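Data block below; observations after.
Every read-out reported here was derived from the displayed coordinates using simple, explicitly stated rules and does not represent laboratory data. Note that the coordinates shown come from a computational prediction; the quantities given were computed from them, not determined experimentally. Methodologically, a virtual Cβ is constructed for each residue, glycine included, from the backbone with ideal geometry; neighbour enumeration extends over all protein chains shown.
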Amino acid sequence: MKREELSDADCGIAQAMGVLGDWWTFLLVRDVAGGVTRFDALQRELGMSRRALTERLATLVDHGVLEKRAYSAHPPRHDYLLTRKGEALLPTLIALQDWGTRHVMGDGTLTATGGDAEVRRVESLVGRRLPDLTIKDQNDSPVRPAEPGEWTVLFLFPGAFAPADAHAYPPGWGEIPGAAGCTLETRTYADRHPAFAGAGVTVRGVSTQRPDQLAAYSAWAGLPYPLLSDQDARLAAGLLLPTFRAAGVDRFKRLTLLTDPELTVRAVQFPVSDPAGSVDDMLERVARRTR
């Protein structure tokens with residue numbers, strides 16, 4: 001498929017569309033971010049013809065959005081992986097997902113709670129393995145969301161700030177349904193941390209805040225577990241996690257994942273309407289799963 005050159009050389013939108021072209025390309029980037037990296041698997045997921053898929057993959061490789069990495073020499077076979085240029089598209093994917101959920105499938109209301117489509121999407125994560133990616137911890141070091149060989153509770157929250165940084169909360173934060181309660185949730189996990197540790201389960205909190213903000217909050221709250229930053233949307237895009245946008249920032253809707261030692265999701269909580277109660281509920285699930 002030959003692409004036409006766009007005449008507006010100074011418009012970033014026009015030039016970006018000259019690379020991305022059509023909606024198939026965004027879906028390709030979405031699936032590669034989620035760990036579907038091989039030609040046959042991408043074809044099965046998307047239902048594209050082999051010719052169309054070959055052309056689009058070649059275009060993305062030519063433009064440096066994807067790179068090919070050989071996994072078989074005879075016959076030659078490749079994984080298609082996001083480059084740094086490709087990863088820079090992930091916040092755009094999350095923004096499109098949020099816009100579609102809120103304005104196409106919803107009535108435009110700003111909310112941090114989940115709708116039916118989001119609930120189905122989160123519940124479908126059970127049985128799925130976490131994509132192979134790293135995000136930043138509160139010390140700005142790259143880490144996996146969960147480590148192999150461990151049961152892990154990953155609770156994702158919209159945002160929590162130390163009192164000295166309380167101005168970072170978006171205006172009207174308390175009026176956004178489902179946004180408030182992060183301090184209560186993080187502290188309840190801190191209170192229950194000995195019980196999770198006694199069950200052999202690691203606890204990690206994840207938000208889209210900057211690492212320095214998370215470090216300041218963790219120190220103030222005295223949290224015994226790490227907080228992780230997904231500010232580059234790697235985890236959000238990899239699992240298509242529900243988000244909402246407030247004050248120009250994409251933020252997680254509150255949800256919790258339980259992963260097993262093989263990094264497979266075994267239980268989910270979404271939506272979470274009772275931040276403190278959800279911790280005790282997850283502790284009961286952990287006891288059943290790890291017994």
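Structure notes:
- Placing dummy labels 7 Å off each Cα toward the beta-carbon, the span from Glu45 to Ala166 is 4.4 nm.
- A straight line joining the Cα centroids of region 242-290 and region 78-98 runs 24 Å.
- Highest-first arrangement of 114-120, 102-108, where packing means the average Cβ count within 10 Å: 114-120, 102-108
- For region 1-148, the fraction of alpha-carbon pairs lying more than 26 Å apart is 38 percent, rounded to a whole number.
- Between Leu96, Ala73, Thr109, the Cα set farthest toward the positive side of the dipole of region 71-178 (charges on each charged residue's Cβ, about the Cα centre) is that of Ala73.
- P(r) of the chain over all Cα-Cα pairs, binned every 10 Å from zero, in whole percent: 6, 26, 33, 22, 10, 2, 0
- Using alpha-carbon coordinates, inclination of helix 90-99 to the longest axis of the chain, degrees: 80
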